[in-house]
Amino acid sequence: MLSAETIFICMAIMVAALVWSALDPTLEPHLRVFDLDPTMVGLIFLLMAAVYAMCSPVCGIIGDKMKDVRILLILGDLLCIVGLLFVGPSPLIGFSIEFNTLWMNLVSLAILGIGNSLIVTPSFDVLNRKALERGLEDNTATYGIVAGVWSSSYALGEFIGPIFAGWMRDTKGFEWCMTYIAFVCGASAVSLISLMLFDCKNKKHSLHNNDIHQQKRKHHTSISNERTPLLKTKNEILNKTCEQV
């Protein structure tokens, strides 16, 4: 089951968990400038989870109808980049601290909820398909292996997220913390895109080789047909005449 594709998919799962868990220790201090009561802060934390819960069934239905579900993972990474850059807001997009408005934070958290649902929901199915393609049997033992790999990847992201985000917020600030995590999401998206392009190239190469092989077989068949004698030999004609007599 170990392959480059499996590693990149596990990286996407880890990144999704990292995005989610990085906001746990950093979002509440970031929202203090709005002077919100604890109830409102709790509802804002609930926003991302609520959007994730609503979008997950839709992502599952869409993923079941797609031939390559990795497109959803890439789209999820891209949405996470957008949400992270605007929740800061990031200095890279030219926004100063005055642009840190409540509505922008709410929209960014909703985008992050959609992005996480696009990554997490189809990722188990992708890992399961790759396990079957690698020769594992379609049984509960394979499902257990896939579940273990998926859970380990997600747990690793949840472990790294709070530690990295807390350290970055104390040293660089919340906006740069979200920016660096957006870079991690970008690296995950680039790796998945590169993997898809590599697979497309290999598929075209294999199809081209199959076409050449079929053309060679047709050529050999035509040559063998041309070498078949058109007229019967004398002995065959005599034998047939004797049988008729």
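The values are calculated or read from the model by the stated rules, or taken from the named source; none is laboratory data. In this text the structure is predicted, and so the values were computed from the model without any measurement. No Cβ is skipped: glycine too gets one built from the backbone with ideal geometry, and neighbour counts run over all protein chains shown. Heavy atoms of the whole protein, side chains included, go into the accessibility calculation; ligands, DNA and RNA do not. Shrake-Rupley method; radii C 1.70, N 1.55, O 1.52, S 1.80 Å.
Here's the yes/no breakdown for (1) modelled with pLDDT of 65 or more; (2) farther than 30 Å from Thr26 by Cα; (3) open to solvent by 60 Å² or more (accessible area, probe 1.4 Å); (4) not small (Gly, Ala, Ser):
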| position | (1), (2), (3), (4) |
| --- | --- |
| Glu175 | yes, no, no, yes |
| Tyr180 | yes, no, yes, yes |
| Phe183 | yes, no, yes, yes |
| Gly186 | yes, no, no, no |
| Met196 | yes, yes, no, yes |
| Lys201 | yes, yes, yes, yes |
| Asp211 | no, yes, yes, yes |
| Gln214 | no, yes, yes, yes |
| Arg227 | no, yes, yes, yes |
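Looking at segment 112-121, can you tell me whether even one residue there is at pLDDT 90 or above, crowded, with 19+ Cβ neighbours inside 10 Å and touching a Pro at 6+ places or on another chain (Cβ under 6 Å)?
No, every residue in segment 112-121 fails to be at pLDDT 90 or above, crowded, with 19+ Cβ neighbours inside 10 Å and touching a Pro at 6+ places or on another chain (Cβ under 6 Å).
Hey, among Met40, Met48, which residue is without any contact (Cβ under 8 Å) to a residue 60 or more places away in the chain and either of a type outside the set (Val, Ile, Thr) or open to solvent by 20 Å² or more (accessible area, probe 1.4 Å) (or both)?
Met40
Mind checking which residues of segment 1-39 are touching a helix residue (DSSP H, G or I) at 6+ places or on another chain (Cβ under 6 Å), under 16 Å from Leu127 (Cα atoms) and of a type outside the set (Asp, Glu)?
Across segment 1-39, the qualifying residues are Met1, Thr6, Phe8, Ile9, Cys10, Met11, Ala12, Ile13, Met14, Val15, Ala16.
Report, ordered by the first and then the second residue, all pairs with beta carbons closer than 6 Å, sequence separation of six or more or different chains, a first member in segment 117-145 that is of a type in the set (Ser, Thr, Tyr), and a second member that is open to solvent by 50 Å² or more (accessible area, probe 1.4 Å).
Ser117/Tyr52; Thr142/Leu136
Say we look at segment 169-186 and pick out the residues that are touching a residue at least 40 places away in the same chain (Cβ under 8 Å) and of a type in the set (A, V, I, L, M, F, W, C); which of these is nearest to Ala16 (Cα to Cα)?
By that ranking, first place goes to Cys185.
Which count do you get for residues in segment 13-47 that are of a type in the set (A, V, I, L, M, F, W, C) and in contact with a Pro (Cβ under 8 Å, 6 or more places away or on another chain)?
Going through segment 13-47 one residue at a time, the tally reaches 1.
Hey, could you check segment 1-37 for residues that are among the acidic types (Asp, Glu) and in a helix (DSSP H, G or I) and say which is least open to solvent (accessible area, probe 1.4 Å)? Step through it out loud before you land on a result.
Looking only at segment 1-37, we keep the residues that are among the acidic types (Asp, Glu), and these are 5, 24, 28, 35, 37.
From what's left, in a helix (DSSP H, G or I): 5, 28.
Numbers: Glu5: 28, Glu28: 68 Å².
Only one residue fits best here, namely Glu5.
Exactly one of these conditions fails for Asp138: (1) surrounded by fewer than 16 Cβ atoms within 10 Å (Cβ to Cβ); (2) in a helix (DSSP H, G or I). Give me its number.
(2)
Given the criterion on the phi < 0 side of the Ramachandran plot, surrounded by 17 or more Cβ atoms within 10 Å (Cβ to Cβ) and touching a helix residue (DSSP H, G or I) at 6+ places or on another chain (Cβ under 8 Å), identify the matching residue among Ile74, Ile93, Ile62. Don't jump to the end; show me each part of the working.
Numbers: Ile93 fails: surrounded by 17 or more Cβ atoms within 10 Å (Cβ to Cβ); Ile62 fails: surrounded by 17 or more Cβ atoms within 10 Å (Cβ to Cβ).
From the options Ile74, Ile93, Ile62, the qualifying one is Ile74.
Which pairs have Cβ atoms under 6 Å, sit 6 or more apart or on different chains, and link a residue in segment 76-94 that is closer than 13 Å to Leu23 by Cβ to one that is acidic (Asp, Glu)?
These pairs meet every condition: Gly88/Glu175.
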